[in-house]
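See structure below.
The values are calculated or read from the model by the stated rules, or taken from the named source; none is laboratory data. It should be emphasised that the depicted structure is a prediction, and the values quoted were computed from it without experimental measurement. Here the Cβ positions follow ideal geometry from the backbone for every residue, glycine too, while neighbour counts run over all protein chains shown. Protein only, heavy atoms only, side chains kept; ligands, DNA and RNA dropped before computing areas. Shrake-Rupley method; radii C 1.70, N 1.55, O 1.52, S 1.80 Å.
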Amino acid sequence: MKHVLSFLFIISLLTACTPTISGPEPEIVSHSYAATDAPILNPERGFFTPYLLPGNAGFSPVRITGNTLVHLNIRLDDYRERDIPQNVLDGLDVNFQDIRDAGVKAIPRVAYNQGPYPDTEPDASKAWVLRHVEQLAPLFQKHSDVIAWFEAGFIGAWGEWHTSTNGLDNLADKRDILNALLTAIPGRYVQVRYPANIIEMYPEPQDAAKAFVAHHNDCFLSSATDVGTYERDGENTIERDQEYLAKLTMLTPMSGESCAPFPPRSECNSAIREMELLHFSAINEAYHKGILRSWEAGGCMDEIVNRLGYRLSLTRADFNEQVRPGGLLNLKVEIENTGFSAPVNSRPIFIVLQQDASIFLTTLDPLEPRVFHPGTSSFTARLRLPSGLAEGTYHLALWLPDQSESLQNNSLYAIRFANENTWDEATGYNILGQVNVSNSASGSVEKTEFLTVLEMVGSLDVPLPTATAAPLATLAPTSTPQPSDPISGLKADSDSEYLNLEFTFTGALEDYNAFQLFLDTDQNPATGFSVSGLGADFLLENGLLNAYTGSGSDWNWMPLENEIVHLNDEQAARWSVLLADLGNPKALDFAAQLVDTSWNTVFASPKQAITLP
């Protein structure tokens, strides 16, 4: 399908100088690209390799076998009624380090047994489950960069949310455990086994997606109802469940495994149709072998290998190959996604100009790969080159690295387009072509220091989930009318010395523990704490200024001793902070957040920007 170009993002010039015109803008040249049908090792998609932990495990063969995901079945059978020992936690820490070294990502699930059904071995009590979530949270947060998403686990046989020996087969306990997981691992999706449970908690799929709740199916295509995956509550039909999931999985990861052959439903035609409908990102390479063999025999295995998750390819790029230093680069890119889904985790898109070791880049925020749904997408950008750019020939590239700073320069975690002769393995760049920078080129020129996006139009037809500060808001069990936004009137102004920010809020002062403003001083969402589409370098929380010391999703802030002015009265919160204490940025992005007395995020505002003196 062709996505409608539905948002316009304009970044104002960082200088007030009037451009100098020297003849017409250079000619736009159209470039086409040949797609490849070869398998592509891209992150966070494809078949996954299962592992049983705790214990020694070698992850280095995973990429060699053609996979970039591992499934971790973390078994706590010996600790159902006691703390997880420190040596076990240390062993899991080593496992995650090894996963990072192997260039792959993990899908963890915690369980207390290996079934069987219906006479399962015990799980743990709710109190011990919550204690174990508390113990595991620091480990998961430390290694969130190599965690693709989670399965909710813990409850019942195999951690699949049924047959609990501790009476946890009820919505209230399931919701409390899910809440604990979402709080412990902010910014990562948690997959729930049964659609009926998700629908009870979130009648609207977009509300589930915003809360980072997703679905996994561990009996895919294995009966008329996938062995009770569907029609579980006696009310929802498989058609209704799948209609809901089709919307949810446009925004969230869908994965799982099969548990028994059930022809013809489990064979190629049905498998392809349902993977398309439910936007499958990943599936177990080891189970069920009978179904996997039927896909081989039916001739669809190669298609499934290539289409699981996303498969992005360049079809066309139009840009001017000649430009002056300080001149305009006009770019239009068309992308085809032949996969089952869009990329599911947030990551930036960079425009890159590279000449040997000289690299100039800028993000196309708020555009990101999650909007590249199956079908055709496109974006158009107008950029101003640095006026001090040296003459010469530069590679023009798109770079889609991991969101986490720890992985950003590792090309194994960058998205590679499925094209011939565009991939630079060393850098992770997708090369569009070459641009010649010359003082003899025509067109407007302006004095500016950075590669700057002046205007960008792109595909954004559905709202995307945005990571928020831990802990996340409490889950809503039913759909209720929502009041007006708790934050309004967010604004900023400055003089040559101070930055002033304020917003108004609903409710009383005592309703909140924290009034927060996140400041992205380098306007790079790939650096700093990820919230509301920005990467916050500083946090104003009540009367304190804090600097971010984490890696993108963990809540690590260092309080600074710098003095700030903070006033909070008459339902208005105000701050004044020295620009020098923020590093004297030329511009910044900012967003506000309210945190209640239980340290749940009540509301996070959209991102705004300000240009500074």
For an R0 of 30 angstrom, estimate the FRET efficiency from the Cβ-Cβ distance between Glu561 and Phe360 and round to the nearest 0.05. 0.25
The chain: equivalent-ellipsoid semi-axes (sqrt of 5 x gyration tensor eigenvalues, Cα, Å): 41, 32, 21
In degrees, nearest ten, helix 238-248 long axis to first principal axis of the chain (Cα): 30
Which order do you get for Lys126, Lys105 if you rank them by accessible area with a 1.4 Å probe, largest at the top? Lys126, Lys105
Students sometimes get this wrong: rank Val457, Val110 by accessible area, probe 1.4 Å, all chains present, largest first. Val457, Val110
Paramagnetic reach from Tyr498 in segment 577-593 [backbone N under 18 Å; point 7 Å along Cα→Cβ]: 577-585
Taking the Kirkwood radius as the inverse of the mean 1/r across Cα pairs, report the Rg/Rh of segment 374-467. 1.00
Accessible surface of the chain, 1.4 Å probe, proportion on carbon and sulfur as whole %: 51
Over segment 162-209, how many percent of alpha carbon pairs lie in each 5 Å bin up to the one with the longest distance? 4, 19, 29, 28, 15, 5, 1
Return the subset of Lys142/Lys247; Lys174/Lys210; Lys142/Lys210; Lys105/Lys142; Lys142/Lys491; Lys105/Lys210 for which the Cα-Cα distance in this structure is over 25 Å, preserving the input order. Lys142/Lys247; Lys142/Lys491
If I take the Cα coordinates of segment 501-598 and project them onto the principal axes, what are the three extents in Å, biggest first? 34, 27, 22
Total charge of the residues flanking Phe350 in space, meaning their Cβ is under 15 Å from its Cβ, with Lys and Arg +1 and Asp and Glu -1, is -4
Contour minus Cα-Cα distance for Ala38 and Ser438 (0.36 nm per residue): 140.2 nm
Within straight-line cross-link reach of Lys126, aspartates and glutamates at Cα separation under 14 Å, skipping those fewer than 8 residues along the same chain: Glu81, Asp83, Glu134, Asp169, Asp173, Asp176
Average projected area of the Cα convex hull of segment 35-179, in nm²? 9.8
Other residues with Cβ under 13 Å from the Cβ of Gly66 give, with Lys and Arg +1 and Asp and Glu -1, a net charge of 0
Cα-based Rg of segment 247-371 normalised by 2.2 N^0.38 Å, two decimals: 1.44
Helix 171-184 vs. the chain, principal-axis angle (Cα, 0 to 90°, nearest 10): 40
Average projected area [Cα convex hull, segment 299-370], square nanometres: 6.9
Computed over the chain: longest principal axis from alpha-carbon atoms vs helix 268-277 long axis, angle to nearest 10 degrees, is 50
Using a 1.4 angstrom probe with every protein chain in place, what is the largest-first accessible-area order of Tyr189, Tyr117? Tyr117, Tyr189
Let me check I've understood the local charge: for Tyr548, count other residues with C-beta under 11 angstrom from its C-beta, Lys and Arg +1, Asp and Glu -1. What total comes out? -4
Across segment 176-277, what fraction of all alpha-carbon pairs, as a whole percent, falls in each successive 10 Å bin from zero upward? 15, 48, 29, 7, 0
